1. Read phi for every residue in the range A:290-302 and hand back ³J(HN,Hα) as whole Hz from Karplus 6.51 cos²θ - 1.76 cosθ + 1.60, θ = phi - 60°, with x for Gly and Pro.
2. With the contact rule set at Cα under 8 Å and sequence spacing of 6 or more, what percent relative contact order holds for the range B:177-256?
3. Taking the alpha-carbon centroid of each part, what is the distance from the range A:96-152 to the range A:32-51 in angstrom?
4. Taking every DSSP beta bridge that has both residues in the range A:261-412, what percent is antiparallel when rounded to the nearest 5?
5. For helix A:332-346, report the angle its Cα long axis makes with the longest principal axis of the Cα atoms of chain A; keep it between 0 and 90° and round to the nearest 10°.
6. Could you give the angle, 0 to 90 degrees to the nearest 10, between helix A:393-412's Cα long axis and the longest principal axis of the Cα atoms of chain A?
7. Quick one: angle between helix A:93-107 and the longest Cα principal axis of chain A, in degrees between 0 and 90, rounded to 10, please.
8. So for chain B, Kirkwood radius off the Cα pairs, Stokes-Einstein at 25 °C and 0.890 mPa s: how many µm² s⁻¹?
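Every read-out reported here was derived from the displayed coordinates using simple, explicitly stated rules and does not represent laboratory data. These numbers come from a predicted model, not from an experiment. We place every Cβ from the backbone using ideal geometry, glycine too, and count neighbours over all the protein chains shown.
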Protein chains: 2
Amino acid sequence: MLAEIITIGDEILIGQIVDTNSAFISQQLNKIGVQVYQITSIQDDRKHILTAFKEASQRVNLVLVTGGLGPTKDDITKQCFCEFFGDTLVEDAATKKNIAHLFEKYFQKVPTEMNLAQALVPSKATVLLNEHGTAPGMWMEKDGVVFVSMPGVPYEMKHLLTGKVFPKVINHFKRPFIYHKTLLTYGLGESSIAERITTWEDNLPKHIKLAYLPSLGRVRLRLSSKNIDEVLLKNEVDSYMEELRLQLEDIAIGFEEETSLIDTIGSILTQKENTLSVAESCTGGAIAEEITKHAGVSSFYRGGIIPYATELKTTILGVDADLIQKYNVVSIPVAEAMALRANTLFKSDYAIATTGIAGPTKGDGDDEVGTVCIAIAGPEGVISGKFLFGKVRERVIGKSVNKALEMLLKEISKN
Amino acid sequence: MLAEIITIGDEILIGQIVDTNSAFISQQLNKIGVQVYQITSIQDDRKHILTAFKEASQRVNLVLVTGGLGPTKDDITKQCFCEFFGDTLVEDAATKKNIAHLFEKYFQKVPTEMNLAQALVPSKATVLLNEHGTAPGMWMEKDGVVFVSMPGVPYEMKHLLTGKVFPKVINHFKRPFIYHKTLLTYGLGESSIAERITTWEDNLPKHIKLAYLPSLGRVRLRLSSKNIDEVLLKNEVDSYMEELRLQLEDIAIGFEEETSLIDTIGSILTQKENTLSVAESCTGGAIAEEITKHAGVSSFYRGGIIPYATELKTTILGVDADLIQKYNVVSIPVAEAMALRANTLFKSDYAIATTGIAGPTKGDGDDEVGTVCIAIAGPEGVISGKFLFGKVRERVIGKSVNKALEMLLKEISKN
């Protein structure tokens, strides 16, 4: 049981957008035991689409297609499906009604002819109604291979995939269970880790795959396997993972779960009835954004301040100007003072503070680009660290966010 | 002259990471006149890699491969290249020296045997030295098709691509010029736009492609073409784009240039010697993060405050508590007061303020999820708006950021 994802759209091939749909679809397919064999991005071009359909049908049993379903002339996916399946377009009454309903609700107007043309579908297709948009999903079969067509708009696709496509996939295909477990580590490079676990890795059974994923100061180690028996599968992978974790106990910070680091932090803080604030200089809101993009954070998150200009660290946040003068704005004492002041200002229990030089140009002091001081202030006192995160602004900010959240998690997990 | 990008790595096919490399490579290739025909993501699997190489060599003249070059056992790209080209691995002296140098500089230690194995390359390959990492780039040819292998780490790949790969591509292939120009519009759906310009679109020459790209409250309209004569090409596309812009003058906000919206805002503010601050409630730092991820913003950006908890809007930002009581925290008067107070607190000339319900759960007031009030305060006074941005948290935040920056750009462009 293998799947292929085909994303259609010139915007992907000229690099105007990043294809995030494929990662979401792959993740979700894995959860229901479907392995993605290949992801193929192609142009809005009739010949190219037909060739890709044919090739995919020779590789896999399930082809998930996104994109090319808009009302405008550049979108031709439906026409290609008709050609591939020897079919013609007919009007789907339920979709037509849905389009009229959406237009009435959101725009208080009647759909035009062009809008209503989105209700045309190949006659052999099973229509998967899209309540969140005007382009319907479609399910078609040919020579034992299932093709599913979905709109490219991420949130419409997500609803259709999990709500309409998956129930049919689960019903239609016999699937094994697929299981991945990922250990998060920090502080050691991938080859150093590999050397430490080389004997263990050599003895890993062939059907369990180990992957190394280095990124922004962390290395993630993933074990993957599949089996028709879910309990056996999980027990086996979990037990190898436990062996791995024990060998790397000094650098392991936990597993990458369904829940994110913010969810973990949030549930610990909520349980302790503690609150959090941030005072970000060099990260400029990236930590705050990482927190607030998760729903439900208002139970523990108070807010934050971004004193980007140096003087604001004094005028608004209330850090002693002499301290900045004496130690320089990028320093441990200033980071610690920022965190302490944030707790006072925001009436929070814990605060994260960052001050550093994200680059590409150097600041006023002697420190080089990539220098970042991070402090966590909490009921037990203040912890802090000074780090060197390289020369690339985006990576300096990303590594700072990761490190700050790791430090916070460690601190709140203490007692 | 066509290219294919092959990204190798199980982490892409199980959705553990989003493939951002392909978008970057595609964008850059377009700039030097190379059209990307297809993007293919495949597994770290010998048979799969060899099949993908063979298929790509039948479709295009240039195959750019990323990933699978790490020091650990799960990475097998180099071995596959040897098999595909009938070659064997030999040690590259310059790469070996580079690895030793990087270990000395960043870790103050000597590389192990596993690290040094990254200096092994196929004997027929032209090595492209990677100063930013231990895995070298490689350039190989077979039957007139060029294969380039690069590491998957984005910043290493970026340096190698533009610094080492492109000079060779430019030298090796005859290429036309490719030109895209994209108009940003807001306030009208794609089908409404399509209906307005239908006659014009029908008369567009076949060699100029029009694409509609709807996203988070904006529709982008892209014209694309290619030609061996660069001046002719740009003149032609620009003149059709000007016709398009005139037809959509009421909803057009400008072109999507090389520079971002933040760069445009930054250069206007810097020229006016004006400064900016933000006071973000429902966007929770997303506007600040969007600003500070760009280098050089300290010339106009003062900083920001995120009074996520309602009382902080009064205690820290200084918004009148009675105003919040009277109008509710999500209201135009509160948004306007937040923006005005931010200018006072941060000593800035312009301030953006947001207050709203990002969801998924409703706030205290009567307003539904997705309600957002945005205000811009500046020397000329305050402008504001109340919007409904749907039910999905991520999209509510994204649309708020877009709308706030659009409002700011409009306001600072006034005089």
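1. My calculation for the range A:290-302 gives 4, 6, 6, 6, 8, 6, x, 6, 5, 5, 10, 9, 8 Hz in order.
2. Across the range B:177-256, relative contact order equals 48 percent.
3. With the range A:96-152 and the range A:32-51 each reduced to a Cα centre, they are spaced 20 Å.
4. Close to 60 percent.
5. Orientation of helix A:332-346: about 70 degrees from the principal axis.
6. Between helix and principal axis, roughly 70 degrees.
7. 40
8. 99
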